[in-house]
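Here is the structure we will look at, set down as structure tokens.
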Amino acid sequence: MPKSLGKIIKEAEEKKVAIGHFNVSDTEGLWAIFNSAKGLNLPVIIGVSEGERDFIGPKQAVALVRSLREEYDYPIYINADHTYSFERIKEAVQAGFDAVIFDGAKLSLEENIRLAKKSVDYAKSVNPEILVEAELGYIGTSSKLLDEIPEGAEIEARNLVRPEQALDFVQKTGVDLLAPAVGNLHGMLKHASNPNLDILRIKKIREEAGIPLVLHGGSGISDEDFQNAVRAGISIIHVNTALRKAYREGLEKSLAEKPEELAPYRFMEGGVEGMKRVVEKHLKLFNFM
Ligand code: 13P
């Protein structure tokens, strides 16, 4: 039987590598990610946001990932990414997710703490093995191509998480994983590179908070920043926009090349191949391969 997700994260910390977390909207994405990870023999986390899990079905998403884990005896896990209400946390916990994220980054700090703690208490009462993550600091909400940095997520010291704030948050909520704002952004700037990460801040937050850290907004981050972030203490990295872009571009190419093709499993191939390349590239980077 594959190890628990908690154990896999601990091992990644010991090896000083990060686990890739990739979002999907359908089975094409799921197979692309699974086959890429399996080809490199690396554990992987599948993420579904509220919109993505509504499209697949929350229970169906869990069943698909679990079926791969069981059939292939493979360390693949599923996370209920960015969940904005306690009701949807409950739904995800009951559906059997391996991990859930309560995202209260846009709420007041007090409300974020209150609902993150409520999520932890509820989730653990139903499934003691489940991991609960929370977000501290706003980094935007959409995995899309951006014209500019979203309002409220400007990379300024006042918007980034301070190490002592992270410790206080962890102590008050009991979360297993923390995703702090450290210069990262959801989405990818269209006409510029994404800003640099605050690597020293990551290191200090990891030391102070005492729990594994998650880096969101992986699309648009430079290779060098990724690896320095992992060295500084990041254990999981989320990528979505880059994958969506590769899917769409690959699919458009496939459709243009095969204008008469009606079988989806043939015309979807280009999208799947595009996603595989993105996943492989990131997994190699996160694991210093
Ligand atoms: P990107 O869309 O910027 O890769 O961010 C993804 C993410 O953090 C999902 O949780």
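Miscellaneous remarks
- Check on residue 92, outside any loop (DSSP other than H, G, I, E, B) and within 16 Å of the ligand (Cβ to nearest atom): yes
- Complete set of residues in segment 220-261 that are aliphatic (A, V, I, L, M) and either touching an Asp or Glu at 6+ places or on another chain (Cβ under 8 Å) or over 22 Å from residue 51 (Cα atoms) (or both): 221, 229, 230, 232, 234, 255, 256
- Residue match in segment 109-123 (condition: among the hydrophobic types (A, V, I, L, M, F, W, C), under 19 Å from residue 20 (Cα atoms), surrounded by 17 or more Cβ atoms within 10 Å (Cβ to Cβ) and touching a residue at least 12 places away in the same chain (Cβ under 8 Å)): no
- So residue 187, is it over 18 Å from residue 236 (Cβ atoms), in contact with a helix residue (DSSP H, G or I) (Cβ under 9 Å, 6 or more places away or on another chain) and in contact (Cβ under 8 Å) with a residue 40 or more places away in the chain: yes
- Just one residue in the set 113, 78, 149, 155 is closer than 23 Å to residue 45 by Cα and among the hydrophobic types (A, V, I, L, M, F, W, C); that residue is 78.
- Matching helices (runs of 4 or more DSSP H) fully within segment 1-57 where at least 3 residues are within 16 Å of the ligand (Cβ to nearest atom): 27-40, 50-56
- Number of the exception - residue 39 against (1) closer than 15 Å to residue 279 by Cβ; (2) of a type outside the set (A, V, I, L, M, F, W, C); (3) out of contact with any Lys or Arg (no Cβ under 6 Å at 6 or more places or on another chain); (4) surrounded by 15 or more Cβ atoms within 10 Å (Cβ to Cβ): (4)
- Among residues of segment 95-123 being of a type in the set (Phe, Trp, Tyr) and outside any loop (DSSP other than H, G, I, E, B), the one that is farthest from the ligand (Cβ to nearest atom) is 122.
- The lone exception for residue 36 - which of (1) out of contact with any Asp or Glu (no Cβ under 6 Å at 6 or more places or on another chain); (2) under 14 Å from residue 243 (Cα atoms) it fails: (1)
- Options 164, 135; residue that is within 21 Å of residue 177 (Cβ to Cβ) and within 15 Å of the ligand (Cβ to nearest atom): 135
- Some residue of segment 124-140 being part of a helix (DSSP H, G or I), over 23 Å from residue 55 (Cβ atoms), touching a strand residue (DSSP E or B) at 6+ places or on another chain (Cβ under 8 Å) and aliphatic (A, V, I, L, M): no
Any read-out appearing in this document is the output of simple, stated calculations on the displayed coordinates, not a laboratory observation. Since this is a predicted model, take the numbers as computed values, not measurements. Note that each Cβ is placed from the backbone with ideal geometry, even for glycine, and that neighbours are counted across all protein chains shown.
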